[in-house]
Amino acid sequence: MTFKPTRDRVDSTKIDTTPKRRPDWIKIGAPSGETVDWLKDLMRSKELHTVCEEAHCPNMGECWGSGTATFLVLGDICTRNCGFCDVQHGKPLPIDLDEPERVAQAVKAMGLKHAVITSVNRDDRKDGGAPIFAEIIRKIREYQPGCSVEVLIPDFKGSLEALKIVMNARPEILNHNVETVPRLFKLVQPQDHYAWSRAVLENAKKMEPASLTKSGIMVGLGEEFDEVKAVMRDLHAWGVDILTLGQYLQPSRKHLPVVRYYTLEEFHQLKEYGYELGFKWVESAPLVRSSYHAVEQVRALSAIHHELYDHHGE
């Protein structure tokens, strides 16, 4: 069965999706300025997509204004139908084998020191598109030597073979978002499994100890505070180095509603708890997303991480 790509996720006749009024501490600036216009022109000229645009990221204005963006590869149509996501859902187009080179050219044109690459899910492929991630990493290093690479990958349905393809390219950061607590998986991301996320995050470090690992959680979808802490404990036990926590914001009335907005104090409590658990870096605030402050993270942690890894390997 084929179906027209859509951003709609929830039937608003069956569930109350009336948006809640945002609290005063959540303010989103519209992206504007010469740098933003230049980046848009660059992405269109290279026939590339950014998750910043596709997912309507609240930090787009800040990040694009400073010349950074997160590339969305493997097309702009996702095979999964997560209730929170604003990326199109439907039958994807064939893989574009020239995409890695165009991404690398854009990274060079932007003069990036740290590139973030993510993708839609490609469940139509057994490898989930993993070879494209690996080739992008290699091409960026060819076109922009010294640029570190962070890949925010799907769960590949828990495939260790697909994960190995990516890790063999040795990304500086391997990122995979668990997104929510296990109890809400069937509601929030019905085609995902907590065990698949565990397989990715727990095995990435085993395959390539020199890579940092990273994951993120959205809050406000109906989870309990203690459930968030339980997932944080799991992530730390799986060897995750960097944790991001941010507020879920409803893209439209066709998406899951916000159950509640976390306070600034609650985000602070989660940040402190993350450091108590032993995470190397924790970003916790309403507008935090996976790529937020990614450059600062990799620069601050890489030297320490590699020193510890080199010492352990002796």
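Bear in mind that the values in this text are calculations on the coordinates, not laboratory data. The structure displayed is predicted, hence computed values, not measured ones. Please note: Cβ atoms are built from the backbone with ideal geometry, for glycine as well, and neighbour counts cover all protein chains shown.
Filter the trypsin sites (Lys or Arg not before Pro) in the range 108-213 to those in DSSP coil with at most 16 other Cβ atoms within 10 Å of their Cβ, and list the result.
Sites meeting the loop and neighbour criteria: LYS113, LYS126.
Quote the Stokes-Einstein diffusion coefficient, in whole µm² s⁻¹, for the range 153-234, based on the Kirkwood radius over alpha carbon pairs, a temperature of 25 °C and a viscosity of 0.890 mPa s.
Rounded, D is 186 µm²/s.
Between HIS193 and LEU93, what is the label-to-label distance in nm when each label sits 7 Å out along the Cα-to-Cβ direction?
Roughly 3.2 nm, to one decimal.
In percent, what relative contact order does the range 131-191 have, based on Cα pairs under 8 Å that are 6 or more apart in sequence?
This gives 38 percent for the range 131-191.
Rg(Cα) of the range 73-128 divided by 2.2 N^0.38 Å?
1.29
Given points 7 Å out from each Cα along the Cα-Cβ axis, report the ARG233 to ASP123 separation in nanometres with one decimal.
Taking the two extended label points, one gets 3.1 nm.
Local charge sum around PRO23 (other residues, Cβ-Cβ under 13 Å, Lys/Arg +1, Asp/Glu -1)?
Net local charge, PRO23 excluded: +2.
Output the pairs from LYS46/LYS157; LYS229/LYS254; LYS186/LYS280; LYS126/LYS254; LYS113/LYS205; LYS4/LYS254 with a Cα-Cα distance over 20 Å in this structure; if there are none, say none.
Violating the 20 Å limit, Cα to Cα: LYS46/LYS157; LYS229/LYS254; LYS186/LYS280; LYS126/LYS254; LYS113/LYS205.
Mind giving me the nanometre distance, one decimal, between the label points for ARG260 and MET207, set 7 Å out from Cα along Cα→Cβ?
3.9 nm
How big is the Rg/Rh ratio for the range 61-169, C-alpha atoms only, Rh by Kirkwood, two decimals?
With Rh from the inverse mean 1/r over Cα pairs, Rg/Rh is 0.96.
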